[in-house]
Amino acid sequence: MKAIRKIFIIYCIILSISLLFKFDLSVNSIIERVNFIKMSREQGAWNCNLVPFRTISSQLSRIKTIPIIVIENLAGNIAVFVPFGFLLPMGYEAVRKYLRTFLVGLVYILIIEVAQLICMLGAFDVDDIILNSIGISCGYVIFKMISKSRVV
């Protein structure tokens, strides 16, 4: 169980850095992104989507023209949180119930989304929260399947 906890912590650190810095740790790239968001805010456009399914619908409307990018964006937002959904309950007995795993995951997602908004490193998008939550739920299903096949 200690090994699973260590893997989970390392996963969360890598995930946080990846989501905040978009897999690009170039200082110039980060400064450009922050400056672009600052300029957008000065013009009244905030890096925020609070309308459920707006981004998802926009992505799906482009599926015929650029299917690979759409699939990468939507499936990627789900897939990146699947490990969270099974590593957390595997490593921590206190969160072995679905609701607890889901709520811990939701708080983690909200922290990342708010950090992106405040630090101007990305956008706060309710659709990311929806997709990431689906990933946590899928991961939890994997955890349940694993735990039924062996003692966890």
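Since every read-out is calculated from the coordinates, none of them should be taken as a lab result. Worth saying up front: this structure is predicted, and the values here are computed from it rather than measured. Neighbour counts are summed over all protein chains in view; Cβ atoms, including those assigned to glycine, are modelled from backbone coordinates with ideal geometry.
Global size of the chain: 17.0, 56 Å for Rg and Dmax (C-alpha atoms, Rg to one decimal, Dmax whole).
With q set to 0.19, 0.23, 0.25 Å⁻¹, the log10 of I(q)/I(0) for the range 14-102, from the Debye formula over equal scatterers at the Cα positions, is -1.13, -1.17, -1.17. Where q = 0.11, 0.19, 0.24 Å⁻¹, what log10 of I(q)/I(0) comes from the Debye formula for the range 54-135, counting one point per Cα? Treating every Cα as an identical point scatterer, log10 I(q)/I(0) equals -0.35, -0.87, -1.11.
Of all trypsin sites (Lys or Arg not before Pro) in the range 51-138, which ones are in loop regions per DSSP and have a Cβ with at most 10 other Cβ atoms within 10 Å? Answer by residue number: Lys64.
The residues packed around Ser61, meaning those with a beta-carbon under 15 Å from its beta-carbon, carry a net charge of +2 if Lys and Arg are +1 and Asp and Glu are -1.
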